[in-house]
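Trainee: A single structure is presented below for examination.
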Amino acid sequence: MLRHSSASPLLSLPGAVPAEAPDEGVAAHYGDLFREQRALANGSGFVDLSHRGVVTVSGPERLSWLHLLLTQHVSELPPGQATEALILSANGHVEHALYLVDDGETTWLHTEPGKQEALIAYLESMKFFYRVEVADRTDDFAVVHLPAGSIVEAPEGTVVREIPHGRDLFLPRTELEAFAAAGSPAIGILALEALRVEAHRPRLGLETDHRTIPHEVGWIGGAVHLQKGCYRGQETVARVQNLGKPPRRLVFLHLDGSEVHLPPHGTPVRLAADGEEGRQLGFITTSARHHELGPIALALVKRNVPTDAPLLAGSTAAAQEVVVEP
């Protein structure tokens, strides 16, 4: 099967500016970043997430089977109830983040751009004798995000994943342009990312690296159910939960607004008192310009960094707020 085009057709809309990694293929913005943020925060517009991977799992044993593999309790997931889950390595490190909903016959999920093939390979390797079918539906369906409060109605028959900050639609890819033409303004992914940073929501590949465990970034409770067992990496989750000492923790940063450039992903974080030559204690995971808060960021720092210590992100002064308790 031919893969879908790497670029969304909505990049042809007026003012569209292509996004950079890891969001290539959709628009960063459509000409006015702060106006788009305000609209999204107020429940208007939609965000094109058609670059994300879409996977379905069908078959009568799909939920009981997924329950064995995921960090989330899904064996009795009611139709239409959204959830999120992780797949961990044997050592408890985060490998996949999945955003799910079941329609009563099929479990639909979306994941980070380009991650669906590795995810499917893992799922296929775990099928054994279970009556399940796993399919890559990225060629056929595009994810579209509607913010909380949006009055836009999903086209009839569309699978909808309703979450506290909005709705994710699994829209047939052939209907994407018609959906955009229906009147609701298109909003770039930078606006959604700024609101994500404000809400302290982690994202795989940005707030995570090869050794991230769920406790470090605040996924306990939301994506990890502590009262279920039987999944790969559970021993690490239980041990850290009982000891209460993850090696790192996610923090929210207010950045010095006088700086022209935002510190990019991977920028070293140090104690301000130690200066730019001090010991690196963490790194910037995502930075953004917020329409009300100004420049903000998420960062992953060592657990023992004092919670009230002024920090430096590269050369940029940063004041921290606790996301994950040390």
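Trainee: Within the stretch 166-183, does at least one residue satisfy the condition of being under 14 Å from the mean Cα position of the chain (by Cα), open to solvent by less than 40 Å² (accessible area, probe 1.4 Å) and among the small types (Gly, Ala, Ser)?
Mentor: Yes, because at least one residue in the stretch 166-183 is under 14 Å from the mean Cα position of the chain (by Cα), open to solvent by less than 40 Å² (accessible area, probe 1.4 Å) and among the small types (Gly, Ala, Ser).
Trainee: Scan the stretch 100-112 for residues that are under 15 Å from Trp65 (Cβ atoms) and open to solvent by less than 10 Å² (accessible area, probe 1.4 Å) and jot them down.
Mentor: Result: Leu100, Asp102, Thr107, Leu109.
Trainee: Given the stretch 93-156, what strands (runs of 3 or more DSSP E) lie entirely inside it while holding 1 or more residues that are over 28 Å from Ala180 (Cβ atoms)?
Mentor: Counting at least 1 such residues, we get 94-102, 133-136.
Trainee: Could we say that Thr56 is within 27 Å of Leu146 (Cα to Cα) and assigned to a loop (DSSP other than H, G, I, E, B) here?
Mentor: For Thr56, the condition - within 27 Å of Leu146 (Cα to Cα) and assigned to a loop (DSSP other than H, G, I, E, B) - is not met.
Trainee: Which number in (1) closer than 21 Å to His73 by Cβ; (2) open to solvent by 30 Å² or more (accessible area, probe 1.4 Å) marks the one condition that Ala97 misses?
Mentor: With respect to (1) closer than 21 Å to His73 by Cβ; (2) open to solvent by 30 Å² or more (accessible area, probe 1.4 Å), Ala97 is out only on (2).
Trainee: Of a type in the set (A, V, I, L, M), in contact with a helix residue (DSSP H, G or I) (Cβ under 6 Å, 6 or more places away or on another chain) and either open to solvent by 10 Å² or more (accessible area, probe 1.4 Å) or assigned by the TED database to the domain that holds Leu13 (or both): does that describe Leu40?
Mentor: yes
Trainee: Any idea how many residues of the stretch 271-297 are within 16 Å of Arg249 (Cβ to Cβ) and either open to solvent by less than 70 Å² (accessible area, probe 1.4 Å) or not in a loop (DSSP other than H, G, I, E, B) (or both)?
Mentor: Of the residues in that region, 8 qualify.
Trainee: Is it the case, given these coordinates, that Val143 is crowded, with 22+ Cβ neighbours inside 10 Å, within 22 Å of Arg167 (Cα to Cα) and modelled with pLDDT of 95 or more?
Mentor: Answer is yes for this residue.
Trainee: To continue, here is another question. Being modelled with pLDDT under 95, among the aliphatic types (A, V, I, L, M) and more than 25 Å from Val101 (Cα to Cα) narrows it down to one residue among Ala16, Ala27, Ala39, Ala7; which is it?
Mentor: That would be Ala7, the only listed residue that is modelled with pLDDT under 95, among the aliphatic types (A, V, I, L, M) and more than 25 Å from Val101 (Cα to Cα).
Trainee: To continue, here is another question. Can you name every residue in the stretch 228-270 that is in contact (Cβ under 8 Å) with a residue 24 or more places away in the chain, open to solvent by 40 Å² or more (accessible area, probe 1.4 Å) and among the aliphatic types (A, V, I, L, M)?
Mentor: Hit for the stretch 228-270 is Leu262, nothing else.
Trainee: Is it fair to say Glu216 is part of a helix (DSSP H, G or I), touching a residue at least 60 places away in the same chain (Cβ under 8 Å), of a type in the set (D, E, K, R) and under 20 Å from Leu311 (Cα atoms)?
Mentor: Against the criterion (part of a helix (DSSP H, G or I), touching a residue at least 60 places away in the same chain (Cβ under 8 Å), of a type in the set (D, E, K, R) and under 20 Å from Leu311 (Cα atoms)), Glu216 qualifies.
Trainee: Being open to solvent by less than 60 Å² (accessible area, probe 1.4 Å) and closer than 20 Å to Ile220 by Cβ: is that true of Leu300 here?
Mentor: Yes; evaluated as a whole, the condition is true for this residue.
Trainee: Another question about this same structure. Here are Glu105, Glu177: which of them is out of contact with any Phe, Trp or Tyr (no Cβ under 6 Å at 6 or more places or on another chain) and either over 15 Å from Leu49 (Cα atoms) or of a type in the set (Val, Ile, Thr) (or both)?
Mentor: The unique qualifying residue is Glu105.
Trainee: Further question on the same structure: Return a yes/no flag: does the stretch 301-311 have any residue that is in contact with a Ser or Thr (Cβ under 8 Å, 6 or more places away or on another chain) and either assigned to a strand (DSSP E or B) or at positive phi (or both).
Mentor: Within the stretch 301-311, not a single residue is in contact with a Ser or Thr (Cβ under 8 Å, 6 or more places away or on another chain) and either assigned to a strand (DSSP E or B) or at positive phi (or both).
Trainee: Could you tell me whether Ser75 is of a type in the set (S, T, N, Q), touching a residue at least 40 places away in the same chain (Cβ under 8 Å) and open to solvent by 10 Å² or more (accessible area, probe 1.4 Å)?
Mentor: no
Trainee: In the stretch 170-191, how many are in contact with a helix residue (DSSP H, G or I) (Cβ under 8 Å, 6 or more places away or on another chain) and either of a type outside the set (D, E, K, R) or not assigned by the TED database to the domain that holds Arg35 (or both)?
Mentor: Counting residues in the stretch 170-191 that are in contact with a helix residue (DSSP H, G or I) (Cβ under 8 Å, 6 or more places away or on another chain) and either of a type outside the set (D, E, K, R) or not assigned by the TED database to the domain that holds Arg35 (or both) gives 9.
Trainee: Any idea which of (1) in contact with a strand residue (DSSP E or B) (Cβ under 7 Å, 6 or more places away or on another chain); (2) closer than 30 Å to Leu66 by Cβ; (3) modelled with pLDDT under 95; (4) of a type outside the set (Asp, Glu) is the one Gly257 doesn't satisfy?
Mentor: In the conditions (1) in contact with a strand residue (DSSP E or B) (Cβ under 7 Å, 6 or more places away or on another chain); (2) closer than 30 Å to Leu66 by Cβ; (3) modelled with pLDDT under 95; (4) of a type outside the set (Asp, Glu), Gly257 misses (2) alone.
Trainee: Which condition number does His225 fail, the rest of (1) open to solvent by 20 Å² or more (accessible area, probe 1.4 Å); (2) modelled with pLDDT under 95 being met?
Mentor: So His225 meets the others, but not (2).
The values are calculated or read from the model by the stated rules, or taken from the named source; none is laboratory data. This one's a predicted model, so the numbers in the text were calculated from it and none came from an experiment. Note that we place each Cβ from the backbone using ideal geometry, even for glycine, and neighbour counts take in every protein chain shown. Surface areas here come from the heavy atoms of the whole protein model, side chains and all, with no ligands, DNA or RNA. Shrake-Rupley method; radii C 1.70, N 1.55, O 1.52, S 1.80 Å.
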